[in-house]
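The values are calculated or read from the model by the stated rules, or taken from the named source; none is laboratory data. Quick caveat: nothing in here was measured; it's all calculated off a predicted structure. Because the Cβ atoms are built from the backbone with ideal geometry, glycine has one as well, and the counts that use them run over all protein chains shown.
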Amino acid sequence: MHFLTIDDLTTDELATVLDDAAALKRAQADGTPHRLLAGRTLAMLFEKPSTRTRLSFEVGMTQLGGHAVFLGEDDIQLGRGEPVADTACALGLYADAVMARVDSHDDLETLAANAGVPVVNGLSDRAHPAQTLADLLTLREVVGDTGTVAWVGDANNVAASFLVGAAMAGYDVRAATPPEFGFEESVVARAEASADATGSEVSVGHDPEAAVAGADAVYTDVWVSMGDEAEREARLAAFEGFQVDADLLGDAAFMHCLPAHRGEEATAGVVDGPNSVVWRQAENRLHAQKALLVDLVA
């Protein structure tokens, strides 16, 4: 099985990964050894820079008793020196799983089709499901198993995975984006199908205040992602009115996948304030991904 989008998991499989993540988090806190992947190797491909993704996967494999091999942009030849399919075949001969952080989701699908071992999406232009696992573990801890969560800002790869994943986990999800930076219809359809299966609700619009009204948690991300720098001024203008400040947040928990641009998508007082759970999300990347790797590889 591969993990390219959050709904590559069934709702039951998602619940199992989150249960396992909570158990591994307790084991680490208690100092209980959990070398569940001893002798296993994870190949990690990076076309984009990374802090949390690299550290959480690499440290996670070490804690599980396995080994992670980092392959940066200068170490690999995705689509340049050799076909992506050939790279995938080679990786599958050496590693027990592949984690790839790539520019194109199409390359990720080609890796999965040819590697012969599980392939995990560490971020692509369409999705960031590894982040969503950490987000859902965080929501369990700070909100509970049910509640209402809001997304405010760009309907980017993180947002797409979160919209679908939160609905899969049974949360009511509301989103507010500028009209020109909204969700693809296919993403909304997947989220609505997940909501129908779990009895939750999905609402997508363009009014931040309506989205956050009564929400237990409010989530945002940068307005200018990697690769969008040339559009910076246009994006900042389009997102005027979408900043999460203390008034918009209210009593809700504040979520952000980091890195944050304080003063743009959220004020410094919100990012660093008492309602912020951004560092819990960052920590939970480790635990959620360890659980995913165990479930895929062990």
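Annotation: of all residues in region 75-85 being surrounded by fewer than 20 Cβ atoms within 10 Å (Cβ to Cβ) and farther than 14 Å from GLU109 by Cα, the one that is modelled with the lowest pLDDT is ARG80. Of the residues making up region 1-39, those that are assigned to a loop (DSSP other than H, G, I, E, B) and either of a type in the set (D, E, K, R) or under 16 Å from the mean Cα position of the chain (by Cα) (or both) are HIS2, LEU4, THR5, LEU9, ARG35. Considering region 89-106, and only residues there that are more than 18 Å from LEU42 (Cα to Cα) and either in contact with a helix residue (DSSP H, G or I) (Cβ under 6 Å, 6 or more places away or on another chain) or not charged (D, E, K, R) (or both), the residue that is surrounded by the most Cβ atoms within 10 Å (Cβ to Cβ) turns out to be HIS105.
So that you can scan it fast, the table gives a plain yes or no per residue for (1) within 21 Å of the chain's Cα centre (by Cα); (2) free of Cβ contacts under 8 Å to residues at least 12 places away in the same chain:
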residue	(1), (2)
THR177	yes, no
GLY182	yes, no
VAL187	yes, no
ALA193	yes, yes
ASP196	no, yes
GLY199	no, no
SER203	yes, no
HIS206	no, no
GLY214	no, no
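Scanning region 1-45 for residues being in contact with a Leu (Cβ under 7 Å, 6 or more places away or on another chain) and at pLDDT below 95 gives a total of 1. Take the conditions (1) loosely packed, with under 14 Cβ neighbours inside 10 Å; (2) within 24 Å of ALA167 (Cβ to Cβ); ALA112 misses just one of them, which is (1).
Going by what's in this entry, would LEU42 be described as surrounded by 20 or more Cβ atoms within 10 Å (Cβ to Cβ), in contact (Cβ under 8 Å) with a residue 60 or more places away in the chain, farther than 29 Å from VAL187 by Cβ and of a type in the set (A, V, I, L, M)? Taking the combined requirement at face value, the residue does not satisfy it.
I'd like to know if region 263-286 contains one or more residues that are at positive phi and modelled with pLDDT of 95 or more. Checked against the condition, which is being at positive phi and modelled with pLDDT of 95 or more, region 263-286 yields at least one hit.
Can you find even one residue in region 86-104 that is of a type in the set (D, E, K, R) and modelled with pLDDT of 95 or more? Yes, region 86-104 contains a residue that is of a type in the set (D, E, K, R) and modelled with pLDDT of 95 or more.
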